[in-house]
Amino acid sequence: MFRVDAAHSFAPPNQGPDWFETILARNKFAGSIYCPPDGDIAAALTLASQFPYIRRVVPRLSLAQLDQVPDHPLIVSVHLSDPTPQAIASLARRRLAVEVDKDRWPFPCEIPVALTGMTDSISLPTNVYVKLTGFRLPATPDQARRLRQLLRHPGPERVMFASGWPFGGGTWKETLAAFTQSLGAMPIPLREQILGGTAREFYRLDEDNAA
């Protein structure tokens with residue numbers, strides 16, 4: 001079992017990184033992908049160095065800010081506000097993946113892409129992944145329907161659970177509960193693929209063990 005929350009932040013002072021570490025451990029998550037909302041890359045990397053459960057840091061930037069991204073093993077992707085061809089080319093030269101809000105898709109891209117949110121696109125290229133955000137209690141039939149659609153295409157190997165917490169309301173535990181209720185009864189290997197296996201591939205987490 002290897003579970004990873006593929007997108008989260010913190011809600012200090014009471015729900016900071018110490019608190020979140022405990023929550024992840026209680027729910028058998030091995031780590032997380034930290035998406036700092038303020039764009040302070042240096043502070044995010046310093047925080048990650050203090051809390052090893054933070055497996056990757058995903059800066060949220062514009063094209064003009066890309067030169068601020070350091071070469072760092074915890075940064076393997078960047079969330080772009082505007083995925084222009086120039087920005088994509090810059091990331092490709094540095095072997096970085098790109099992440100965008102789902103409404104920004106489609107655009108020409110050959111590097112790995114992660115769409116944040118349950119897209120309604122029914123045809124996604126093989127380099128495109130989906131971060132399953134937006135789950136809140138009570139779970140709705142529409143959430144379950146859209147999730148089942150994504151499990152058919154692009155398939156469990158390209159979708160990953162991402163709480164998006166603390167944004168959107170609700171607690172982290174409620175977000176996970178809404179997701180599992182929407183997922184329903186599934187074979188354990190498929191469930192664990194969505195809860196960690198896909199994030200392991202997209203964020204190249206196996207490279208940590210090889211280092």
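The values are calculated or read from the model by the stated rules, or taken from the named source; none is laboratory data. Just so it is clear, the model here is predicted, and its values are computed rather than measured. Using ideal geometry, Cβ is built from the backbone for each residue, glycine included, and neighbour counts are taken over all protein chains shown.
When the range 51-83 is limited to residues that are assigned to a helix (DSSP H, G or I) and in contact with a strand residue (DSSP E or B) (Cβ under 8 Å, 6 or more places away or on another chain), the one that is modelled with the lowest pLDDT turns out to be Leu63. Exactly one residue out of Pro125, Pro108, Pro112 is over 12 Å from the mean Cα position of the chain (by Cα), touching a residue at least 60 places away in the same chain (Cβ under 8 Å) and closer than 28 Å to Asp71 by Cα, and it is Pro112. Glu207 falls short on exactly one of the conditions (1) loosely packed, with under 15 Cβ neighbours inside 10 Å; (2) at pLDDT 95 or above; (3) among the acidic types (Asp, Glu), and that condition is (2).
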